[in-house]
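In what follows, a structure is listed as C-alpha cells, so that the remarks can point back to it.
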Amino acid sequence: MQHWAILSAIALIGLCLAQPAKTEVPGSPDILVLGDSQLSFGAGKAFVALFDRLKGHCGLSQKTSVGVIGVRSSTLQSWTSQGKTAKSAICSIDRKWKVNAGVYGSLSQGKNPFVQIGQGDQFKFCTPERSPLQAVFHQGYYRPRLLIMFLMGNATERWAGSADAALQDVRSFLADLPKGQPCIFMTSAPPYGEKNVRLRQRAQNHIAAAFAKTGGQCRFVPGFTPETVRENLGNAANFRRKASGRVKDPYHPTEAAARKFLALQRDALCQALSAELAPHSAKITSP
C-alpha cells in the first residue's frame, strides 16, 4: 500500500509539472479599465491621469497601476458574447483604420496607443470558445484587483427601449466575471446634443436599475449627473469642431473635456473605489 501511495504521489507531481503555468500578460494592471471609443478619443488618458493623482487615496496604494483599453463601437454585449457577429466590434479588423482600440497606462504601446484586439501578446481576447471578457480573465491572463467598465454609446437605444434588455446584459456581464472580482460599472460622458442626452439618460436609468436588481458584485456609478450634463450639453468647446466652429463629433468629448468630466466624478469614483477595494485590501500592492 505504501509503495502504491508513493507511486501515486510521484505521478501526481509529474502531472502538475506537465501543466502549463498560468502566465499573466505583460503590463497587467492593478486596475483595468475596459470600454468603448470614448476611452480612445480622450477619456483613456484622462483615466490614467486621474488615478495617478488618486494614488495614496480612495483605497489605492502609491504603487497601484492602471491600464485602459477602449474598443471602437463596443457594447456590453460585445464583451460578453461568444457569437462571432455580436463580438465583431472587438474582434474584427477595422477596414478603414486597420486597428480598433486605444490602450493607455501600463498597457501603452509607446507613442502610438492604437492596437488591434486579438493581435499581440497583450490582447488575446478573441477565441471561439469564450467571450472577450471571459478571455480577459482566462487562466489568470489578466488579474486586476479591480475592473472598471466604462461605456454606453452603442447600447443606448437597446437600454433606453427596454429595461429587460438592460437586465439581460447585466446578468450576462456578471456571469462572465470571476467570482468575487471587484468591479465598478460607469456610464460614459454625456454627448453634445439634447436629444441624445435625453435618450442616454433613459438608458442609464434602466442599466442602473439592472445593477441594483442583480446584487452587489459590481458597483454602479452614473456618468450622467446634473453636473456632467450641464458641462457637456450644448458646449461646443468640449467636442471636436470643424474649421467653422461647428461640432463635427457630438459623441466623443475631447481629452480636456474628459478630464473635466472625471474631475466632476472624482468624489463618486473615490467612494466606489474605497468600497470595492477595502474588502480586498490584501490584493492591492502596498506602498
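Quick notes on this structure:
- Subset of region 125-144 (residues that are touching a residue at least 60 places away in the same chain (Cβ under 8 Å) and over 13 Å from LEU34 (Cβ atoms)): GLN139, GLY140, TYR141, ARG143
- Number of residues in region 252-286 that are open to solvent by 70 Å² or more (accessible area, probe 1.4 Å) and at pLDDT 95 or above equals 6.
- Complete set of residues in region 145-181 that are more than 14 Å from ASN205 (Cβ to Cβ), open to solvent by 10 Å² or more (accessible area, probe 1.4 Å) and not charged (D, E, K, R): GLY153, ASN154, GLN168, SER172, LEU174, ALA175, LEU177, PRO178, GLY180, GLN181
- With a requirement of 1 or more residues that are in contact with a His (Cβ under 6 Å, 6 or more places away or on another chain), the helices (runs of 4 or more DSSP H) lying completely within region 155-247 that satisfy it span 156-161, 163-176.
- Close contacts from region 262-274, counting a first residue that is free of Cβ contacts under 8 Å to residues at least 40 places away in the same chain and a second that is hydroxyl-bearing (Ser, Thr, Tyr), with Cβ to Cβ under 8 Å and a gap of 6+ residues or different chains, come to LEU264/THR225; LEU264/THR228.
- Take the conditions (1) in contact with a strand residue (DSSP E or B) (Cβ under 9 Å, 6 or more places away or on another chain); (2) touching a residue at least 60 places away in the same chain (Cβ under 8 Å); ALA212 misses just one of them, which is (2).
- Close contacts from region 225-251, counting a first residue that is touching a residue at least 40 places away in the same chain (Cβ under 8 Å) and open to solvent by less than 50 Å² (accessible area, probe 1.4 Å) and a second that is of a type in the set (A, V, I, L, M) and not in a helix (DSSP H, G or I), with Cβ to Cβ under 8 Å and a gap of 6+ residues or different chains, come to ASN232/ALA189; ALA236/VAL247; PHE239/VAL247.
- Matching residues in region 119-144 - criterion: being small (Gly, Ala, Ser), within 16 Å of VAL71 (Cβ to Cβ) and surrounded by fewer than 19 Cβ atoms within 10 Å (Cβ to Cβ): GLY120
- Scanning region 81-97 turns up at least one residue that is in a loop (DSSP other than H, G, I, E, B), open to solvent by less than 50 Å² (accessible area, probe 1.4 Å) and among the basic types (Lys, Arg).
- Any hit, region 66-75, residues being open to solvent by 10 Å² or more (accessible area, probe 1.4 Å), in a strand (DSSP E or B) and within 21 Å of LEU269 (Cβ to Cβ): yes
- Taking (1) farther than 18 Å from LEU177 by Cβ; (2) open to solvent by less than 50 Å² (accessible area, probe 1.4 Å); (3) over 13 Å from the mean Cα position of the chain (by Cα) in turn, VAL103 satisfies each apart from (3).
- TYR192 aromatic (Phe, Trp, Tyr), open to solvent by 50 Å² or more (accessible area, probe 1.4 Å) and closer than 26 Å to GLY42 by Cβ: yes
- Residue among ALA49, ALA21, ALA11 that alone is of a type in the set (Gly, Ala, Ser) and either in a strand (DSSP E or B) or modelled with pLDDT of 95 or more (or both): ALA49
Results for (1) among the hydrophobic types (A, V, I, L, M, F, W, C); (2) within 23 Å of SER28 (Cα to Cα), shown as yes or no for each residue.
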{"site": "GLN77", "(1), (2)": "no, no"}
{"site": "LYS87", "(1), (2)": "no, yes"}
{"site": "ALA101", "(1), (2)": "yes, yes"}
{"site": "LYS111", "(1), (2)": "no, yes"}
{"site": "PHE123", "(1), (2)": "yes, yes"}
{"site": "GLN134", "(1), (2)": "no, yes"}
{"site": "HIS138", "(1), (2)": "no, yes"}
{"site": "TYR141", "(1), (2)": "no, yes"}
{"site": "PRO144", "(1), (2)": "no, yes"}
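The values are calculated or read from the model by the stated rules, or taken from the named source; none is laboratory data. On a predicted model such as this, the values are computed, not experimentally measured, just so you know. Heads up, the Cβs are rebuilt from the backbone with ideal geometry, glycines too, and the neighbour counts pull from every protein chain shown. For accessibility, only protein heavy atoms count, side chains too; no ligands or nucleic acids. Shrake-Rupley method; radii C 1.70, N 1.55, O 1.52, S 1.80 Å.
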